[in-house]
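Taking it in order: structure first as structure tokens, then the write-up.
We did not get these values from a lab; they are worked out from the coordinates using the rules stated. Keep in mind that this is a model prediction, so the values were computed, not measured. Cβ placement follows ideal geometry from the backbone for every residue including glycine, while neighbour counts extend to all protein chains displayed.
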């Protein structure tokens, strides 16, 4: 794990959006030092702002963590909804959701570490914020699966809520294993494997 001292501060004159700079810096700091080992002063230094400036945008370190999570989820949901609007087959829509999920995390390892490791270390966060924050993402999967049920593509007796959690859980596990594995491999291509198993099962035909 790299020390916070190895992360250079952002030049104060080139920070166009201080709130965004703070969130980006916090993502880097939390990923490298761990959430509980990080201080607001560390985040401020890397963001290139004064310590007090952080508190103008966030009441606490916990609020910074929650904001990283909420922003990440809202961005991927917005991107997914935009792309799904161009697709007609619910199966391809689910595939694209899975691809976006793993592509987003593989493109930003620090964000992936925060999502898959650091967020899980806060019992309060998991109890109070995680379920609510993931609701929109799970709703997107659920709606897409239900669309496929209406089209006769998926089994109508299946509970769409359960199905959505199963797909999310599979993708979540792939991302966590990628972060923790000592092997160096690409995460994004695993989306197609997950969807193949999800849509076709494991029984030989």
### Message
If you fit an axis through the alpha-carbon atoms of helix 61-84 and take the longest principal axis of the Cα set of the chain, what angle between them do you get, 0 to 90°, nearest 10?
### Response
40 degrees
#### Entry: Euclidean distance between Cα centres, the stretch 28-52 to the stretch 62-99, Å
27 Å
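Once the cut-off is 27 Å, how many percent of the Cα-Cα pairs in the stretch 56-183 end up in the long-distance tail? List each step's numbers first, then the result.
Values: 1838 of 8128 pairs.
That tail contains 23 percent of the Cα-Cα pairs.
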#### Entry: Kirkwood-Stokes translational diffusion coefficient of the stretch 85-157, alpha-carbon pairs, 37 °C, 0.692 mPa s, µm²/s
232 µm²/s
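Of 45, 91, how do they rank once you tally other Cβ atoms within 10 Å and put the fewest first? If you can, show how the numbers build up before the last one.
Working: 45 20, 91 17.
Neighbour counts put them in this order, fewest first: 91, 45.
Which of 29, 114, 76 has the fewest other C-beta atoms within 10 Å, and how do the rest follow up to the most?
Details: 29 28, 114 24, 76 19.
Going from least to most buried by this count: 76, 114, 29.
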### Query
For the chain, what is the mean residue ellipticity at 222 nm derived from helices alone (per DSSP H run of n ≥ 4: -39500 (n - 2.57); sum divided by total residues; nearest 500 deg cm²/dmol)?
-20500 deg cm²/dmol
### Query
Based on the alpha carbon coordinates of the stretch 108-205, what radius of gyration and maximum Cα-Cα distance (Dmax) apply, in Å?
15.5, 46
### Query
Per q in 0.19, 0.21, 0.27 1/Å, what log10 I(q)/I(0) does a Debye calculation on the alpha-carbon atoms of the stretch 38-113 return?
-0.84, -0.93, -1.21
